[in-house]
Structure formats: structure tokens, C-alpha cells
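In what follows, a structure is listed as C-alpha cells, so that the remarks can point back to it.
The values are calculated or read from the model by the stated rules, or taken from the named source; none is laboratory data. Note that the structure is predicted; figures quoted are calculated from it, not measured. Cβ placement follows ideal geometry from the backbone for every residue including glycine, while neighbour counts extend to all protein chains displayed. What goes into the accessible areas is simple: the full protein's heavy atoms, side chains included, and nothing from ligands, DNA or RNA. Shrake-Rupley method; radii C 1.70, N 1.55, O 1.52, S 1.80 Å.
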Amino acid sequence: MTVARLGGTVGRRTRLVAGLLRPTVRNALDRPVTGYKASGYWLDYRSGFVRRGLPGEVLRRVAGGAPTYSQVERTAMGLARASALSVVPVAVEAALRAPGEVPRTVAAGLLLSSPLTCGLLLRDAGRYDAVGVLVLALMSTGRALWLPLPLPMGAALLAGAVTAAVASEEFLLAVLTPTAIAAVRRLADRHGASQTARRWILGGVLGPGALVAGASLLVPAPRDAVAAARAEAARAGAEPPGAMGDSLSAVDRGFVENLAFFRLFRPTAVGLSLGLWAGLYTVTADVIGKLLGAGADGRYRLAASAHALVATALSAAGVDFRRWWGLALTGLVSTVVLVEPTGPPEPVSVAAIAAAVALAVAGVAFRDPRVHPWGPLRVDRAPPLRP
């Protein structure tokens, strides 16, 4: 391929990606971070360990004290934009596995335009999910950083990244585990580690995060830490918690209390929302597998099932279904990048390309639904908020 032809191909793909993302980016830049999500950024470790306190601790140290609302909003939007941008190289590298230029372009367009990837991260700015997405990108396309390192250093870098994500949101341990397993396999293969060593490496990568997740679930949040964070948030201008509380309310909410929030929505709304996002993940994963020619690769089906299992478990614990299945799709694509193909790809059918194009167009048009079920909240059924 000549330089001019290569430049034209890259230019066409760049314009395609820009066209797909432009409405989402423009829409997200006009939307401020809600008070529900912003309040958690004032939570830190001044009163000892508290679940989800790491981002607030880092922000406090950078700001030199309690941050302003503007600083919180800039931090939250910066995380959202960085995580959305990090999806681009992951999607492109996964798409490059497809046999042929058209399937590659269509696969990249589908992954980037899906309401479960970039659009979700920008639409739901302020969530610490962005930290998990950045770690997924580090493990997959960022492997040039940790793969060439000596084995202990590479494993330590992966362990530190996973632990930081879990200290931001404890459930990210489950989200990151399938991709972390693939990353450890690549690292062990690079250094010729034995099977016994591989198990120790995997334990070393996931172990610290598991300890943080266990402490997050078992150690009660210090009441003065939550109260101080809410007071600082209020002084900075954050809106008071509503019927669903805020991100600080979630810090000391147990599993049973969390289930009570399902009652805020009508059963039909819960069923439709769960069916939509789980179905979209299933269809997208199937179409992507066909575009990549991975239909006969059992490892692709195993990865898709593993990430779907995590999303299913999270859907049983919380109503933010779009978040859970979005993390599943992003995790699946990150895992695919780390898994070496076992053989030549299968031919891509016209039907698979047509299905991918239809999904991509629908994703651009259907980018704005909120993460939880639609419809009016049944406020009379909201559980009481802790002071």
C-alpha cells in the first residue's frame, strides 16, 4: 500500500470515528456533573479507611484542602473524557483483528458508537467507573508499559492499577478480573513462567485488590467521615440528597438496603431496562465475534460469558443496568485485545456487516437514556436515608 493510499485510509477512518463521537461529545460537554455523583469526591481517608475514598483523598491532596465544586466538576469531567478516549485505541486494536478493511472499520465504528461504551462514559460523567475503564485500557493497549518490565515489576504495576480501581469502587474487582487473568497470562508467557508461578502471579495481581474489596464490604464507614464529606459538599454548593440519596449515601449502604432501591421503579420498567441493556450486550458481543472471525474460537465465547456473568451479578445487586453491561462490553473488548488468536479468522458474512452497521446507527441515535430504569420514581417507597 502506498503512503498516499495509507494516509487516505487513516483519514477516512478518523473522520468516521469523529462523526460517530461528535454528537455524544457535544452533548456531554453541555451537561454538568450532578450533585448525586459529585458529593463522593469530598470523601477521603482523614478518619481512616473508607470504601470509595481514594479519589477524594487524591483530589484533596492535589487541591491542598477541601476542593471547590468547580474543582470536583473538572476532575469528574476529566476522568469521563479520559476514559472515553481510552476506549478508542482498545476498540481500534480489537477491530484490527477482523479479516478485511470493511469488517475492521465497521467493528471499530460499532464499538465506539455503542451506548454501552464512549456514550455511556460521557453521559454518566462523575462515576468512578471511569477509573476501572482506564485500568482496562492500561491492561490491554497499555501493555507496552508493563509487558517489557521484569516479571516482578510488571506484576506490581498491574496489582497497583487494579488496587487503585478497587479502592475507588469495590465491585470493580469483579469487572477487572477476566481481563487481569488475560494480562497475567500474557505476562507469564513473555517470561516463560511455570504453571505454579502463574498462580502466584495472579494472586499477587488480584490479592491486594481483593483485600481492599473485603475491607470495603466488611469495615463500616466512619460516620464522621461521611458527615464531614457531606458538610463540605454542601458548603461547596452540592445539592442535598434526593429520594435515591447520593454517592455518599451508597458508602454505608449494605446489600439488603441496596435491594430496596428496586422498589423505586415499576417492575415493568426494571424488566425492560435490564432486557434492553443485557440484550444489547449479547447482540453486540455476537456481532463483534462474527466480524472478528472468532466464531470458532472458544476463548472468545468464554470471555463474553465471563463478562456477562459479572454484569448479571451486578444487575442483581443494583438497578444501574446500563452501567453494568457497559462495563461488561468494555471489559470484553479489553480482554479480546490480550488474547492471541488460535487460528485464521473465519470469513465475515454480509449479514454480520449489515447487523453491525444497524447497531452502530442505532447507538448514535439512542445515546441518552439514563443508567437506571425509566419512568417516574415511586418516592413513597424509597428507603430512609441515614444522616
- Task: Among the residues of region 254-308, write down those that are in contact with a Leu (Cβ under 7 Å, 6 or more places away or on another chain) and free of Cβ contacts under 8 Å to residues at least 60 places away in the same chain.
- Result: 285, 304
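In region 146-240, which helices (runs of 4 or more DSSP H) lie fully inside it and hold 2 or more residues that are open to solvent by 40 Å² or more (accessible area, probe 1.4 Å) and over 21 Å from residue 299 (Cβ atoms)?
Filter on region 146-240 gives 151-168, 195-218, 223-236.
Quick one: in region 291-309, which of the residues that are within 21 Å of the chain's Cα centre (by Cα) and either open to solvent by 30 Å² or more (accessible area, probe 1.4 Å) or charged (D, E, K, R) (or both) is nearest to residue 373 (Cα to Cα)?
Looking at residues that are within 21 Å of the chain's Cα centre (by Cα) and either open to solvent by 30 Å² or more (accessible area, probe 1.4 Å) or charged (D, E, K, R) (or both), I get 309.
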- Task: Output the residues belonging to region 241-268 that are open to solvent by 40 Å² or more (accessible area, probe 1.4 Å), within 23 Å of residue 166 (Cβ to Cβ) and in contact with a Gly (Cβ under 8 Å, 6 or more places away or on another chain).
- Result: 258
- Task: Could you tell me which residue of region 30-83 is surrounded by the most Cβ atoms within 10 Å (Cβ to Cβ), considering only residues that are assigned to a loop (DSSP other than H, G, I, E, B) and hydrophobic (A, V, I, L, M, F, W, C)?
- Result: 43
- Confirm whether residue 122 is at pLDDT below 95 and over 27 Å from residue 219 (Cβ atoms). yes
- Item | Set 137, 144, 98, 159: member being modelled with pLDDT under 95, in contact with a Pro (Cβ under 9 Å, 6 or more places away or on another chain) and not hydroxyl-bearing (Ser, Thr, Tyr) | 98
- Query: Hey, any hits in region 103-111 for a residue that's touching a residue at least 60 places away in the same chain (Cβ under 8 Å), outside any helix (DSSP H, G or I), open to solvent by 10 Å² or more (accessible area, probe 1.4 Å) and under 20 Å from residue 294 (Cα atoms)?
  - Reply: no
- Within region 316-358, track down each residue that is within 19 Å of residue 278 (Cα to Cα), surrounded by fewer than 21 Cβ atoms within 10 Å (Cβ to Cβ) and not hydrophobic (A, V, I, L, M, F, W, C). 318
